[in-house]
Amino acid sequence: MSNTTQISEELKQLYTSMGLSDEVQALGEEAEEALAGRFQEIDRVARFNQMKVLKAMQECRVAEQHFATSTGYGYNDDGRDTLEKVYAKTFHTEDALVRAQITCGTHALHLALAANLRPGDELYSPVGKPYDTLEEVIGIRPSTCSLAEYGVTYAQTDLLPDGSFDWENIRRSINERTKVVTIQRSKGYDSRPTLSVDRIGELIHFIKEIKPDVIVMVDNCYGEFIETREPSDVGADMVVGSLIKNPGGGLAPVGGYIAGRKDCIERCAYRLTSPGLGKEVGASLGLNQTFFQGLFLAPVVSAGALKGAVFAAYIYEKLGFKVIPGSGESRHDIIQAVELKTPEGLKAFCKGIQMAAPVDSFVVPEPWAMPGYDSEVIMAAGAFVQGSSIELSADGPLRPPYTVFFQGGLTWEHARFGILMSVQQMKEAGLI
Ligand SMILES: *Cc1c(COP(=O)(O)O)cnc(C)c1O
């Protein structure tokens, strides 16, 4: 027996012992073969982005001393300051704010908006409703301390039914009070298409022709390192995201980033800490090395998650489910939606993902009435970092068409296994 054959045999037995039937294993093999060309393309993007990050680190002369920590005020934290320079170089921006004190993606987005909008200004979204948590930030749903409470108004133009930009209404909506334009790259948990960097660039160009001094912020969550360029390469003044998604590489235990124009970032720093203090304070609390290393791994980790998303799309499409995006479509984020048609399907899918987790694999996810949602929600996550969605995870509201949103996988090998486990659970529940 050749070595390759022997490894394949051993792997087959291992999969069997972990619950995958021969039939489901074969489905995985077939999908992987069919997707070989696609995966090669993903690897090429990862290779480019790996070099981009490496070059940024070398140019900033990252050294062991930058892994030292600070406590208290965090004055003169050279590691933290160098990390921010590396982010700025990676995103090709003048400056960046990368902090553990930014608690999550929503916080980073709020910071970028609150710092750059003043009473009387208007915030404008040309791409429809923003991510759920932003509704309270903006005050679309009334909330204490929302931007609306501080006299910032909000306007939006929806995408046209075919997903294209509504150029006429966008032109009409931009007025003398429009100060910040917010563009969400990822569809998030919506059914609209995710925007490519090219399309974002086209939109920014159009907007800046109408009003050159407007500040364009892009919610970059889930989109980092999926293409070779980022929205900051096509005119965005700020790109914003969470470190427990793509750019933390699965290692960052907390944090958020904003990369962009120097004056915008300065305002963000003053808003995060205090006027007069800005970037000078904010202890790194031992996280510098993890943030550097996570960013270094991020291109490859994000590529693994992307392969998982394409793999899931291919398999579930083949099994007769509607998947968004389709397996042949181009990708601009790591989220995959599958319409599972029944509550049993949604539960079985999540059960399989949970069974594949490295942490809490022995628990069975149950739907619960999560605050802020109008129906019960089920979530599967067995992550090293709480709520980390660059790790293998799935969730969805228990209402028709019972769509699951699937993302992550720190390695392609793990994402692959998780998806096949979800198929196995669907089979065992008699749903496919
Ligand atoms: C995750 C996400 C957010 C918010 O991030 P949290 O870290 O959950 O607060 C905002 N926008 C988009 C598109 C996201 O995917």
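The values are calculated or read from the model by the stated rules, or taken from the named source; none is laboratory data. Owing to the predicted nature of the structure, the values given are computational and were not obtained by experimental measurement. Cβ placement follows ideal geometry from the backbone for every residue including glycine, while neighbour counts extend to all protein chains displayed. Ligands, DNA and RNA are excluded from the accessible area calculation, which covers all protein heavy atoms including side chains. Shrake-Rupley method; radii C 1.70, N 1.55, O 1.52, S 1.80 Å.
At a 1.4 Å probe radius, which order do Tyr73, Tyr154 fall into by accessible area, largest first?
The ordering from most to least exposed comes out as Tyr73, Tyr154.
Taking Cα atoms, how many degrees apart are the long axis of helix 197-210 and the longest axis of the chain, rounded to 10 and kept between 0 and 90?
20
Say the cut-off is 27 Å between C-alpha atoms; which of Lys52/Lys211; Lys55/Lys279; Lys55/Lys208; Lys211/Lys262; Lys85/Lys187; Lys12/Lys187 go over it?
Correct reply: Lys52/Lys211; Lys55/Lys208; Lys85/Lys187; Lys12/Lys187.
Using only Cα atoms, find the angle between the long axis of helix 343-355 and the longest principal axis of the chain, and express it within 0 to 90 degrees, rounded to the nearest 10.
90
Quick one: what are the phi-derived ³J(HN,Hα) couplings along the range 388-400, Karplus 6.51/-1.76/1.60 with θ = phi - 60°, whole Hz, x for glycine and proline?
5, 9, 8, 8, 4, 7, 8, 7, x, x, 7, 8, x
How much length would be gained if the chain were fully extended between Thr411 and Val377, taking 0.36 nm per residue of separation minus their Cα-Cα distance, in nm to one decimal?
Contour length minus the Cα-Cα distance gives 9.6 nm.
Restricting to Cα pairs below 8 Å that are 6+ residues apart, what does the relative contact order work out to for the range 1-120? Please round to a whole percent.
14
Work out how much length Arg141 to Asp198 would gain on full extension: take 0.36 nm times their residue separation and subtract the Cα-Cα distance, in nm to one decimal.
The span from Arg141 to Asp198 would gain 17.4 nm if fully extended.
Could you point to the residue in Ala269, Val234, Pro253 farthest towards the positive end of the range 217-322's charge dipole, with +1 and -1 charges on the Cβ of Lys/Arg and Asp/Glu respectively?
Final value for the positive-end residue is Pro253.
Take the alpha-carbon centre of the range 333-409, take the same for the range 128-175, and report the distance between them in whole Å.
Taking the Cα centre of each part, the range 333-409 and the range 128-175 sit 28 Å apart.
Per residue, how much accessible area does the range 114-233 show when a 1.4 Å probe rolls over the protein heavy atoms, in square angstrom?
Value for the range 114-233: 41 Å² per residue.
What is the dipole size for the range 364-418, taken about its Cα centre, with +1 at each Lys and Arg Cβ and -1 at each Asp and Glu Cβ, in debye to the nearest 20?
Charge dipole of the range 364-418: 120 debye, to the nearest 20.
How about the range 342-432: which chymotrypsin sites (Phe, Trp or Tyr not before Pro) there lie in a loop by DSSP and see at most 16 other Cβ atoms within 10 Å?
Phe362, Tyr373, Phe384
Which order do Thr342, Thr69 take when ranked by solvent-accessible area (1.4 Å probe, heavy atoms of all protein chains), largest first?
Thr69, Thr342
What list of ³J(HN,Hα) couplings, whole Hz, do you get for the range 53-67 from phi and the Karplus terms 6.51, -1.76, 1.60, once you set θ to phi - 60° and write x for glycine and proline?
Calculated HN-Hα couplings, in order: 5, 4, 4, 4, 5, 5, 5, 8, 6, 4, 9, 4, 4, 6, 8 Hz.
Using only the alpha-carbon atoms, how far is helix 78-90 inclined from the longest principal axis of the chain? Give it as 0 to 90 degrees, nearest 10.
80
Ignoring ligands, DNA and RNA, what percent of the 1.4 Å accessible area of the chain is carbon and sulfur?
54
Below 8 Å, C-alpha to C-alpha, sequence gap of six or more: please give me the relative contact order for the range 222-317 in percent.
Once normalised by length, the contact order is 30 percent.
Of Ser422, Ser173, Ser388, which has the largest mean-square fluctuation in a 10 Å C-alpha GNM of the chain?
Comparing Ser422, Ser173, Ser388 in a Gaussian network model of the chain, the most mobile one is Ser173.
Most mobile of Leu285, Leu243, Leu134 per a Gaussian network model of the chain (Cα springs, under 10 Å)?
Leu285
Among Pro247, Pro119, Pro299, which one moves the most in a GNM of the chain with springs linking Cα atoms closer than 10 Å?
The residue with the greatest mean-square fluctuation here is Pro119.
Order the following by accessible area, largest value first: Met217, Met355, Met57. Probe radius 1.4 Å; ligands, DNA and RNA are ignored.
Met355, Met57, Met217
Expressed as a rounded percentage, what relative contact order does the chain have, with Cα pairs under 8 Å and six or more residues apart?
17
Relative to the Cα centre, what is the charge dipole magnitude of the chain, using +1 at the beta carbon of each Lys and Arg, -1 at the beta carbon of each Asp and Glu, and rounding to the nearest 20 debye?
580
Which FRET efficiency value, to the nearest 0.05, is calculated for Arg172 and His205 with the Förster distance at 22 angstrom and r the Cβ-Cβ distance?
It comes to 0.80.
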